[in-house]
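The values are calculated or read from the model by the stated rules, or taken from the named source; none is laboratory data. Keep in mind it's a predicted model, so treat the numbers as computed, not measured. Positions of Cβ are generated from backbone atoms using ideal geometry, with glycine treated the same way; all protein chains shown enter the neighbour counts.
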Amino acid sequence: MSLASRIHGHFHPVDAEHTQEAAPFWVRHYDRVASVIAFGRVDRVHEGTLELAGFGPGLALLDIGCGTGELVVRAESAVDGNGTFVGLDSEPGMIAQAKRKALDRSASVTFEEASIDAIPYPDATFDVVTSSLMFHHLDDAQQRDGLAEILRVLSPGGTLLIVDINTAKRSVISRLPGHRTADTTDRVSGQVAESLRKAGFESVSAGTHPFDALSYATGIKP
Ligand SMILES: C[S@@+](CC[C@H](N)C(=O)[O-])C[C@H]1O[C@@H](n2cnc3c(N)ncnc32)[C@H](O)[C@@H]1O
């Protein structure tokens, strides 16, 4: 049985009706700001993330805190639509932007408004779960509950990849309002990797992302 039929009814391809919600100013300009902060190297951020996650054709991908959906839309395009592509975000304006982007680029993806601690999909739905630049928004309880939810929706052997600011580096991104920290060590390879182990992920590892202001932690669902 195909993945799509197993979870029949859970995916809702985008249409024009779903893209009409008004998004706040900062949401509408998120992609431009991200490009400036990444010194125009957004490609390196997203391609690096998909590579680290082991993403490839035929897989079911979930990106949590997907923002304007750039990673998911690029993933769909990279494998000519051969797979299942879902983005979740708790901010309705981001989801509206992501749906508009998917329509503009004719990408067959699903975007839904949802929080990491209540993922609206059945157990063992996804092969790869990614989360980029969103973990630092979560408090301890949301991180714990979110990781439990990710374990639930990953298939056995599936991969979680978390990408976030490398707090050991004084980069432009780490100096933005709301991102400043007193940490002198990297929180992703320390505290986040440890949280993955405690949540029950196996083969946990961490390191520097190809975009070196970022780092990553990854683990496998047993
Ligand atoms: C800095 S943006 C990152 C967007 C995108 N992943 C990227 O790499 O550019 C963080 C995103 O996380 C979302 N977010 C924050 N808390 C969330 C939660 N509890 N569940 C899902 N998304 C959340 C925000 O709405 C925002 O779109």
statement: Across the stretch 51-74, the tally of residues that are within 12 Å of the ligand (Cβ to nearest atom) and either over 14 Å from the mean Cα position of the chain (by Cα) or of a type in the set (A, V, I, L, M) (or both) stands at 5
field: Contacts under 6 angstrom Cβ, first residue in the stretch 33-58 being under 20 Å from GLY81 (Cα atoms) and at pLDDT below 75, partner surrounded by fewer than 18 Cβ atoms within 10 Å (Cβ to Cβ) and not small (Gly, Ala, Ser), 6 or more apart
entry: none
message: If VAL163 meets every condition in (1) surrounded by fewer than 24 Cβ atoms within 10 Å (Cβ to Cβ); (2) within 19 Å of LEU50 (Cα to Cα); (3) near the ligand (Cβ under 9 Å from one of its atoms) apart from one, which number is that one?
response: (1)
- line: Among the residues of the stretch 59-71, the number that are of a type in the set (Val, Ile, Thr) and under 17 Å from THR84 (Cα atoms) is 1
query: How about the stretch 59-90: which of its residues are more than 21 Å from GLY146 (Cβ to Cβ) and either among the hydroxyl-bearing types (Ser, Thr, Tyr) or modelled with pLDDT under 95 (or both)?
result: SER77
- prompt: Name the pairs: first residue in the stretch 88-99 and of a type in the set (Gly, Ala, Ser), second residue near the ligand (Cβ under 8 Å from one of its atoms) and not in a helix (DSSP H, G or I), Cβ to Cβ under 8 Å, at least 6 apart or on different chains?
  reply: SER90/GLY65; SER90/ALA114; SER90/SER115; SER90/ILE116; ALA98/CYS66; ALA98/GLY67; ALA98/THR68; ALA98/ASP89
query: In the stretch 99-123, what residues are more than 14 Å from the ligand (Cβ to nearest atom) and surrounded by fewer than 18 Cβ atoms within 10 Å (Cβ to Cβ)?
result: LEU103, ASP104, ARG105, SER106, SER108, PRO122, ASP123
- request: Any residue in the stretch 133-154 that's at negative phi and assigned to a helix (DSSP H, G or I): show its pairings with residues that are among the acidic types (Asp, Glu) and within 12 Å of the ligand (Cβ to nearest atom) at Cβ separation under 7 Å, as long as the two are six or more apart or on different chains.
  value: PHE135/ASP164; HIS136/ASP164; GLN142/ASP117; ASP145/ASP117; GLY146/ASP117; GLU149/ASP117
query: Can you name every residue in the stretch 110-132 that is polar (S, T, N, Q), within 23 Å of GLY54 (Cα to Cα) and part of a loop (DSSP other than H, G, I, E, B)?
result: THR125
- prompt: Of the numbered conditions (1) modelled with pLDDT of 95 or more; (2) within 9 Å of the ligand (Cβ to nearest atom), GLY93 satisfies every one except a single condition; which is it?
  reply: (1)
message: If I go through the stretch 131-146 residue by residue, how many of them are within 12 Å of the ligand (Cβ to nearest atom) and within 17 Å of GLY200 (Cα to Cα)?
response: 5
